[in-house]
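A.B. asks: Take this structure first; my questions come after.
A short reminder: the numbers here are calculations on the coordinates, not readings from a lab. Every value quoted in this text rests on a predicted model; they were computed, and no experiment measured them. Note that each Cβ is placed from the backbone with ideal geometry, even for glycine, and that neighbours are counted across all protein chains shown.
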Amino acid sequence: MPELADLTLVEAADAVRLGQASSMELLDAVWANLEAVNPHLNATIWLDREGAEQAARQADQAVREKAWLGPLHGVPLAHKDMYYQAGKLSTCGSVIRQDYRPTITATVIDKLTEAGAYTFGGLNMAEFAQNPTGHNKTFGDCHNPWNPPYITGGSSSGSGASVAARFNYAALGSDTGGSIRLPAAACGVTGIKPTQTRVSRYGVMPLSFSCDNVGPLCRTARDCARIMTLIAGRDPRDPTSAHLPVPDYEAALDGDIRGLRVGVPTNYFLDDADAPVVQAMEQALEVLAARGAVIQRIALPLLDAVAACVSIISRVEGATIHAQWMRTRAADYGVHISSRMYPGYAIPATYYVEALSRRGPILKAFARDVFARVDVLVTPTIRTCLPTLAETDIDHGPPGIEHKFLAVSANTRPFNYLGLPAVSAPCGFDPNGCPIGLQIAGRPFAEARVLQAADAYQRDTAWHNRRPPVLDAVGAMGVTVA
């Protein structure tokens, strides 16, 4: 029988529902892994064992009383430390908010709680969600469970590391330029950035209101589908949230992708790509083709404009959100954070408005020229082998380090400007033993389709089941399903 901490989110929820494990046993199992490996990873900022134990006891009592709470009944979770929970710490990975306790709770946290889950901690993240690597000057850098000197991806660094290291069944991340998909790829887990507006952002620290997205990092596409079904949908507290009905994403995972038209971009996404990454993607395409998908090579339009516009929008909006602190506490920001925001104050308003106004026409042209021909796009999530933390320490590294730093998120940023859903799933390992991610993107509100493709791929591969070497130190200390 598998150790409880090795269960996927769906398996853990089913174990409680079927009486194979209690919520307290799940908590004990993940906590044992946390205590064993987190000192090597630094994936958490704060923990609440006492509050989690109380929630676990309540969940177990509800089971005895047959008072079922929902599809995540009794599952312990921890999230990126920027999801507000009334009265609980929410540092946003920063010294400025290191003692901040909000008075509101994020809608997505409320929805997970209503489904029966509970929170046991806040996870490490890039300062104010503003880097793609996992560096953090205040709480320390997060380390990769597969090879600790290497990056975890950011900004949801602790989310990716904690799920990979089996001390968290799933974690919410945020994605403004790739911050769900990057740590999913770097840590060998699965994560989805939904369509812009698909999930409420109420009670979540903003970075760029035109590009911010809320979504999960999990072990599998099915786990992501379970959470997406729970958190997606209209929220009156977030006027930007979409009015469209929410499908049962999990029900769409039938493994049938016969006739699915898979587009493989011939431009931009493979520029300067490393050979092991390209090889892993090509092998993944063979798996999809064997299931009946039709592979097409396709040139994508307007990517230069997309890259320019997303940079303008994210810089200006980030600078606006942080304007007051930048006036009064600029020295409290990491060097690369403040240096990223200062140009935002110099960008003319006409450039910003143009970048916003071109978004609709570019998306329309993209849909006409691309999604009329293919159903999904497949690219590497990160086009290079993972760099180390030292190689991307932009605050202290030598000149020229910016190239490696910016290359990490080159393949994810375009889909934030376009607002398209995209999932990253593990598809292999590089020569350093670090994971490689496969990115699958679709047309607006096609979360079910991209998850279906990722799930079909995971049915025929086992990359998502691999355990990182850092867990070798844990041994057989986990609790097993009875």
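A.B. asks: Would you mind checking which residues have amide H under 5 Å from ASP212's amide H? H placed 1.01 Å from N; only 5 or more apart, or other chain.
C.D. replies: So ASP212 has HN proximity to no qualifying residue.
A.B. asks: When you count, for each residue, the other Cβ atoms within 10 Å and take the mean per peptide, how do 404-413, 100-109, 125-134, 252-261 rank with the highest first? Spell out each step's value before the answer.
C.D. replies: Values: 404-413: 21.9, 100-109: 18.2, 125-134: 28.9, 252-261: 15.0.
Those peptides, ordered most packed to least, come out 125-134, 404-413, 100-109, 252-261.
A.B. asks: Quick one: plug the Kirkwood hydrodynamic radius of region 97-212 (C-alpha pairs) into Stokes-Einstein at 10 °C, 1.306 mPa s, and report D in µm²/s. Intermediate values should be presented prior to the final figure.
C.D. replies: Numbers: Rh = 14.5 Å.
Translational diffusion coefficient: 110 µm²/s.
A.B. asks: Under a plain spin-label model, where a point goes 7 Å from the Cα along Cα-to-Cβ, how far apart in nm are ARG49 and ARG466?
C.D. replies: Result: 3.2 nm between the two label points.
A.B. asks: Next question. Place the peptides 191-204, 365-378, 164-177 in order of packing, highest mean first, counting for every residue the other Cβ atoms within 10 Å and averaging per peptide.
C.D. replies: Values: 191-204: 25.9, 365-378: 17.4, 164-177: 28.9.
So the peptides 191-204, 365-378, 164-177, ranked by packing, come out 164-177, 191-204, 365-378.
A.B. asks: So which chymotrypsin sites (Phe, Trp or Tyr not before Pro) in region 1-78 end up in coil per DSSP with only 16 or fewer other C-beta atoms within 10 Å? Intermediate results must be reported in sequence, preceding the final value.
C.D. replies: Numbers: sites: TRP31, TRP46, TRP68; in loops: TRP68.
Counting only loop positions with at most 16 other Cβ atoms within 10 Å, the chymotrypsin sites (Phe, Trp or Tyr not before Pro) in region 1-78 are TRP68.
A.B. asks: Over the Cα atoms of region 4-473, what Rg and Dmax result, in angstrom?
C.D. replies: 20.5, 63
A.B. asks: Follow-up. Say the cut-off is 23 Å between C-alpha atoms; which of LYS364/LYS404; LYS88/LYS111; LYS80/LYS193; LYS80/LYS137 go over it? Write down the numbers at each step before the final one.
C.D. replies: Values: LYS364/LYS404 32 Å; LYS88/LYS111 17 Å; LYS80/LYS193 15 Å; LYS80/LYS137 16 Å.
Correct reply: LYS364/LYS404.
A.B. asks: Something else: Peptides 147-156, 294-303: what's the order by average Cβ count within 10 Å, highest mean first?
C.D. replies: On the way: 147-156: 29.4, 294-303: 14.9.
The densest-packed peptide leads the list: 147-156, 294-303.
A.B. asks: Under 5 Å between amide H atoms, partner at least 5 residues away or on a different chain: which partners does TYR150 have, H built in plane at 1.01 Å?
C.D. replies: When sequence neighbours closer than 5 places are left aside, the close amide H contacts are ASN144, LEU389.
A.B. asks: Which shape class, rounded, prolate or oblate, goes with region 227-315 when its Cα gyration tensor gives a ≥ b ≥ c as root eigenvalues, a/c under 1.5 marks rounded, and past that a/b bigger than b/c marks prolate?
C.D. replies: oblate
A.B. asks: Moving to a separate point now. May I ask you to evaluate 6.51 cos²θ - 1.76 cosθ + 1.60, the Karplus curve with θ = phi - 60°, for each residue of region 62-75 and list the ³J(HN,Hα) values in order in whole Hz, giving x for glycine and proline?
C.D. replies: Whole-Hz 3J(HN,Hα) from phi for region 62-75: 5, 4, 4, 8, 6, 9, 5, 8, x, x, 10, 3, x, 8.
A.B. asks: Tell me the mean residue ellipticity at 222 nm calculated for the chain from its helices only (DSSP H runs of n ≥ 4, each -39500 (n - 2.57), averaged over every residue, nearest 500). Could you put the intermediate results ahead of the total?
C.D. replies: Details: 16 runs with 169 residues, N = 482.
Counting only the DSSP helices, I get -10500 deg cm²/dmol.
A.B. asks: Explain nothing, just compute: Karplus ³J(HN,Hα) = 6.51 cos²θ - 1.76 cosθ + 1.60, θ = phi - 60°, for every residue of region 138-144 in order, whole Hz, x for Gly and Pro.
C.D. replies: 8, 9, x, 6, 8, 10, 6
A.B. asks: For a quick check: with amide H placed at 1.01 Å from N, whose amide H comes under 5 Å from TYR118's, ignoring anything fewer than 5 positions away on the same chain?
C.D. replies: VAL75, LEU77
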